[in-house]
1. Between their Cα atoms, which of Lys71/Lys155; Lys64/Lys133; Lys64/Lys134 are more than 31 Å away from each other?
2. Once you've got the GNM for the chain with C-alpha springs shorter than 10 Å, pick whichever of Asp151, Asp39, Asp89 has the biggest mean-square fluctuation.
3. Would you mind calculating the gained length between Ser85 and Glu23 on full extension (0.36 nm times residue separation, minus the Cα-Cα distance), in nm to one decimal?
4. How far, in degrees from 0 to 90, does helix 119-136 lean away from the longest principal axis of the Cα atoms of the chain, to the nearest 10?
5. Select from Leu123, Leu108, Leu21 the residue whose mean-square fluctuation is largest in a Gaussian network model of the chain (Cα-Cα springs shorter than 10 Å).
6. Helix-derived [θ] at 222 nm for the chain: sum -39500 (n - 2.57) over DSSP H runs of at least 4, divide by residue count, nearest 500?
7. Taking N as the number of residues in the chain, what is its Cα Rg relative to 2.2 N^0.38 Å?
8. Say each of Lys71 and Tyr164 gets a label point 7 Å from the Cα, pointing the same way as Cα to Cβ; how far apart are those two points in nm?
Amino acid sequence: MKTLIIYHSKTGFTKKYAEWLSEASGCTLLPFDNAKKADFAPYDTVVFASSFQAGTIRKLNAFKNLKLNGKNKIVIVTGCTPPGSPEVDTAVQNNFKTDAGAYKVFYLPGGLSYERMGAAGKLMMSAFCKMIKKSAGEDSEMYSRISHSYDNTSKEYLQPVINYLNSL
Ligand SMILES: Cc1cc2nc3c(=O)[nH]c(=O)nc-3n(C[C@H](O)[C@H](O)[C@H](O)COP(=O)(O)O)c2cc1C
């Protein structure tokens, strides 16, 4: 079975997972910007790895528009919400309102990098931090989680994805 991993990563956390998955499974890696011109014919399975931005999975709609009929489609999404939080399930459901059955979705803890974030990301995070500071307070778990850089990525979080790929 041949698998292609397409990834879109702004600050590197999703790219790291995509590279780890490629190393562990021998799958081909492709940055999302090159996906439009790609030949998908040799692949039975296509994995799309991206991240949450304000509840939306970046580039998901463009991925859904690729011609992947008949292939297994897996979506990996990273974010800064703790794994297992109900917010993750709600956000995933909102991104697959009418087509949930067509994709197997995995959420993996990413991180935050204010150093590698672009100007627009910094601006959005600054507004979000101010809002949370006001509503939940500076000592809240939420504020401490989003107000500084950290890396929560770990190879172990990929194991369910690897198990699923092996089961196909
Ligand atoms: C502007 C902005 C909005 C974000 N919104 C969310 C969100 O709604 N939910 C979440 O879990 N993480 C959110 N994050 C965190 C990113 O999804 C997280 O940093 C992700 O691992 C980044 O992946 P990348 O480094 O591959 O771009 C947001 C980050 C930024 C900069």
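1. In this structure, Lys64/Lys133; Lys64/Lys134 exceed 31 Å between Cα atoms.
2. Among Asp151, Asp39, Asp89, the largest GNM mean-square fluctuation belongs to Asp39.
3. Here the answer is 19.5 nm.
4. Roughly 50 degrees, rounded to the nearest 10.
5. Leu123
6. -10500 deg cm²/dmol
7. 1.06
8. 1.6 nm
The numbers here are math on the coordinates, done by the rules we state, and not lab data. Being a predicted model, the structure only gives us computed values, none of them experimental. Positions of Cβ are generated from backbone atoms using ideal geometry, with glycine treated the same way; all protein chains shown enter the neighbour counts.
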